[in-house]
1. What does a probe at residue 10 reach in region 55-79, counting residues whose amide N is under 18 Å from the point 7 Å along Cα→Cβ?
2. Would you work out the charge dipole size for the chain about its Cα centre, treating the Cβ of every Lys and Arg as +1 and the Cβ of every Asp and Glu as -1, and quote it to the nearest 20 debye?
3. Which angle between 0 and 90 degrees, to the nearest 10, do you get for helix 2-12 versus the longest principal axis of the chain when only C-alpha atoms count?
4. Once Lys and Arg get +1 and Asp and Glu get -1 on their Cβ, which of 42, 9, 21 lies farthest toward the positive end of the dipole of region 1-55?
5. Per DSSP helix of 4 or more residues, -39500 (n - 2.57); summed, then divided by the residues of the chain. What does that give at 222 nm, rounded to the nearest 500?
6. Relative contact order, percent, of the chain when contacts are C-alpha pairs under 8 Å separated by at least 6 residues?
7. Any idea how many Lys pairs in region 2-79 come in under 21 angstrom at the alpha carbon, given 8 or more places apart or on separate chains?
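Values in this text are rule-based calculations from the coordinates and carry no lab data. Everything numeric in this text was worked out from a predicted model, so none of it was measured. Positions of Cβ are generated from backbone atoms using ideal geometry, with glycine treated the same way; all protein chains shown enter the neighbour counts.
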Amino acid sequence: MTCESAAQLRKTGKINVEDSNLQKIGATHFKSGVTDEHFQVAKTALLETIKETVPEIWSSAMENAWGEAYDKLVGAIKCEKKPSSDTN
Ligand code: HEM
């Protein structure tokens, strides 16, 4: 999903996740008790993993692009964090 967001960001300059998906994902993370710290750890792990996987093309521009895509996606998930009334 972050990969898809990165591609979208590159192509259109913004990220568009369908609202219904976003609401579901937001509610799932809210219910699971995922905090900002967890999102930060996952971001570091994601960036490190990409760096280790493709060291030959890794650059600070690439790091920034992935970081921005991740942050925007997390921002969108967090906006929808409140579970809807009947989720289980
Ligand atoms: C951009 C970052 C992330 C994305 C795009 C993402 C995406 C998703 C998606 C699509 C689901 C399935 C939602 C559903 O079926 O309702 C999910 C579930 C979940 N995610 Fe994330 N996630 C992210 C970060 C995190 C982080 C940082 C944590 C905690 C360390 C986390 C913990 C969980 C948990 C506990 C579930 C529920 C698993 C289950 O009950 O089967 N996620 N996530």
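1. Flagged as within label range: 55-73.
2. In total the dipole reaches around 240 debye.
3. Taking the Cα atoms of the chain, the angle to 2-12 is about 70 degrees.
4. Value: 9.
5. That comes out to -23500 deg cm²/dmol.
6. 53 percent
7. 15
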